[in-house]
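So the structure is just underneath, and the comments pick up after that.
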Number of protein chains: 2
Amino acid sequence: MVSDKQKNILNFINIFVEKNGYAPSVREICTGVGLKSTSTVQYHIEKLINSGYLQKNYKKSRALTVNSQMSKNKIPILGEIAAGSLLMAEENVIGSVNYPHAEEATELFALSVSGDSMIDEGIHEKDLVIIDKSLQIKNGDIGAFLINNTEGTIKFLRNIEGKNYLVPANKNYKKIQVNENIQPIGKVVSLIRDM
Amino acid sequence: MVSDKQKNILNFINIFVEKNGYAPSVREICTGVGLKSTSTVQYHIEKLINSGYLQKNYKKSRALTVNSQMSKNKIPILGEIAAGSLLMAEENVIGSVNYPHAEEATELFALSVSGDSMIDEGIHEKDLVIIDKSLQIKNGDIGAFLINNTEGTIKFLRNIEGKNYLVPANKNYKKIQVNENIQPIGKVVSLIRDM
DNA sequence: GTTTTATTCGAACAAATGTGCTAATATTAT
DNA sequence: ATAATATTAGCACATTTGTTCGAATAAAAC
């Protein structure tokens, strides 16, 4: 739907806004992405608007706004992980949350905790955990895992006598040995609880 | 240092940015705050810049940025509450954190949790709790309290047989009856944990 | 190959916008 | 009252900036 050049422009705008606190002018985008004509930039901006990535205010300068889904510091909240569905599929997004530390929001998402299997670690039901897909889950880390392509869960990953286990922080639950039905999603990097 | 009109202008800019995603032009500020001359606005803008409230980029349109301390969604993190000191005194601010739900940042601040007296509620040492000074702490709420003007603490407030107690969520600690040495700071409304 | 579509450029225009200058008025200090 | 300071206004000017039109080039489809 959007070409590389358009992604390039969107990215430039994002970085510009992040750095300067206001959007670039058409001509600043020109030099920023290596284009010589303002109308070429207009052309791409219109495409980005039609694709829903940008918003504009007619005839106002620097009145570009990047739509929230792809703006920095804002990451999607996923609902229950549906069977076989792609994790980041849009139909699973039930909201979004600002997350100040996010540099690259693409690797991050939030998941609402269901169940009490991590209660002893102070992770409650309804808490929001931030998951970084780009970070490998190491021994001792808390990670998000997908079981049988059906169920999402938050657990400790622990290596015991050479074997990997998903270990809950609740005596009422048992640890599960990692097998081919369990795939890692990402490392839990943060927790947000509203009261 | 800054006059009412200048605060008025700063507030207008803040709201405008919040609403539109980009800063207002000089003439938009004119009509927004009820001034008829662009140079009057320039005059006030320069004052606000000299006072450190605003930043500007010379000859660029809509290139105003509100300095972070007074921008929305950003609230101060306080360190240990020093004896007798005013809670929000600047010397106690050790950082700041973005908090998406903040409408009026003035009533909110963040406190780093020390100790494990609320461990059974999943509130750990080093967690960041967001406190709303404008919300009264009611029976059953978790609140922040100042004891003997010296020590800050997070506890449940519970009314037992007509008397108010600060109740920890940890069997190793005892509840404390509320007396004149204990003053409420605000209600704990959120928790952030980085791992 | 031809046609269609996507992308780029150049130039010109009108509007929006920041700035500079001078003067008038209001407020405060002495 | 007088002087100093703060605030406001009006106007003109130079740039910046978004927009538009036509045409050239590149890429993709047929």
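The values are calculated or read from the model by the stated rules, or taken from the named source; none is laboratory data. If you're wondering where the values come from, they're calculated on a predicted model, not measured in any experiment. As a convention, Cβ positions derive from the backbone with ideal geometry for all residues, glycine included, and neighbour counts pool all protein chains shown. Protein only, heavy atoms only, side chains kept; ligands, DNA and RNA dropped before computing areas. Shrake-Rupley method; radii C 1.70, N 1.55, O 1.52, S 1.80 Å.
Return the value, in Å² to the nearest 100, of accessible area buried between chains A and B (probe 1.4 Å, both sides summed).
Counting both chains, the buried surface is close to 2400 Å².
Could you let me know the centre-to-centre spacing of the range A:1-57 and the range B:119-160, using Cα atoms, in angstrom?
47
Mind checking which lysines have their C-alpha under 24 Å from B:Lys187, skipping anything on the same chain fewer than 8 residues away?
Partners within reach: A:Lys126, B:Lys72, B:Lys74, B:Lys126, B:Lys133, B:Lys138, B:Lys155, B:Lys163, B:Lys171, B:Lys174, B:Lys175.
Can you put A:Glu180, B:Glu28 in order of accessible area, largest first, using a 1.4 Å probe? Present the calculation step by step, with values, prior to reporting the outcome.
Values: A:Glu180 155, B:Glu28 35 Å².
The ranking, largest first, comes out as A:Glu180, B:Glu28.
Find every distance from the label point of A:Tyr173 to the corresponding label point in the other copies (7 Å from Cα along Cα→Cβ) and write them in nm, one decimal, shortest first.
2.6
So for the pair B:Lys175, B:Val2, with labels modelled 7 Å out along Cα→Cβ, what separation do we get in nm?
Distance between label points: 4.6 nm.
Placing a label point 7 Å from Cα toward Cβ, how far apart in nm is B:Asp116 from its equivalents in the other copies, listed shortest first to one decimal?
Reported distances to equivalent positions: 2.1 nm.
Specify, for chain A, the residue whose C-beta is closest to the rotation axis mapping it onto chain B, with the distance given in whole Å.
Closest Cβ to the A-to-B rotation axis, residue and whole-Å distance: A:Gly122, 2.
Find every distance from the label point of B:Lys60 to the corresponding label point in the other copies (7 Å from Cα along Cα→Cβ) and write them in nm, one decimal, shortest first.
Computed spacing set for this position: 1.8 nm.
Shape call for the range B:4-70 from the C-alpha gyration tensor, a ≥ b ≥ c root eigenvalues: rounded (a/c under 1.5), prolate (a/b greater than b/c) or oblate?
rounded
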